[in-house]
Amino acid sequence: MAWFTWFRSATSSSRPVSRRSARKQYRKEYLLAFLKAKGFKDPLSANSQVNLHLSRAGELVYPIHAAAAYGCPQLVRILLAAGADPAQETSEGRRAIDFARAANQGRSHEEVMDLLGNGVQILNFRSAISVMKMQVMEGRLQPLEETCGDEGDLLVVTL
């Protein structure tokens, strides 16, 4: 089932919820399935029993390390949005980006390494607007002179 599929609201079974709510529900279910499959209790808890091909016996790893090792950027984004720390170290002192680098073959984990290594923050739209306003006020970001387009194009700004 595609992630943009309409879900039925728990309070009103006759009316579909918004696409945003459907995506949010999908991300939640995706994260819970991953955590359950890997034996984690929540996005911020560690587990030494995780069977990663890159982890050492008894190494205490976090979900962000497992997602980095698997090279799944969508899961890394979901974990970052849930509050996972990309700089979190395992009991052996390794970070999530170290797992991504070790598993990288060609460019297989490049997007994950970009997410983990460049200080990326996952923000909702309102938070992003607030950050950009602060950047403009501080003079570190120039305000846009033109609109992005009639179709509401996505604007990506690296701060």
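The values are calculated or read from the model by the stated rules, or taken from the named source; none is laboratory data. Keep in mind the model is a prediction, meaning the values are calculated, not measured. So basically every Cβ, Gly included, is an ideal-geometry build from the backbone, and we count neighbours across all protein chains shown.
Mind listing just one residue for me: the one in the stretch 81-110 that is in contact (Cβ under 8 Å) with a residue 40 or more places away in the chain and assigned to a helix (DSSP H, G or I) and, of those, farthest from Tyr70 (Cα to Cα)? Residue satisfying both the conditions and the ranking: Ala81. Per the conditions (1) closer than 28 Å to Ala128 by Cα; (2) surrounded by 13 or more Cβ atoms within 10 Å (Cβ to Cβ); (3) in contact with a Phe, Trp or Tyr (Cβ under 8 Å, 6 or more places away or on another chain); (4) free of Cβ contacts under 8 Å to residues at least 40 places away in the same chain, the sole criterion not satisfied by Asn47 is (1). Could you tell me whether the stretch 62-81 includes any residue that is in contact with a helix residue (DSSP H, G or I) (Cβ under 7 Å, 6 or more places away or on another chain) and modelled with pLDDT under 85? Within the stretch 62-81, not a single residue is in contact with a helix residue (DSSP H, G or I) (Cβ under 7 Å, 6 or more places away or on another chain) and modelled with pLDDT under 85.
Within the set Leu44, Leu31, the sole residue that is under 14 Å from Gln74 (Cα atoms) and either part of a helix (DSSP H, G or I) or modelled with pLDDT of 50 or more (or both) turns out to be Leu31. Can we say Glu92 is loosely packed, with under 14 Cβ neighbours inside 10 Å, touching a Lys or Arg at 6+ places or on another chain (Cβ under 7 Å) and among the acidic types (Asp, Glu)? When the stated conditions are applied, Glu92 passes them. Checking each residue in the stretch 60-109 for being over 22 Å from Arg27 (Cα atoms) and charged (D, E, K, R) picks out Glu89, Glu92, Arg94, Arg95, Asp98, Arg101, Arg107.
A single entry from Ile97, Ile78, Ile64 fulfils the requirement of being of a type in the set (A, V, I, L, M, F, W, C) and farther than 22 Å from Ala33 by Cβ: Ile97. All told, Leu54 meets the bar of being modelled with pLDDT under 85, in contact with a helix residue (DSSP H, G or I) (Cβ under 7 Å, 6 or more places away or on another chain), on the phi < 0 side of the Ramachandran plot and assigned to a loop (DSSP other than H, G, I, E, B).
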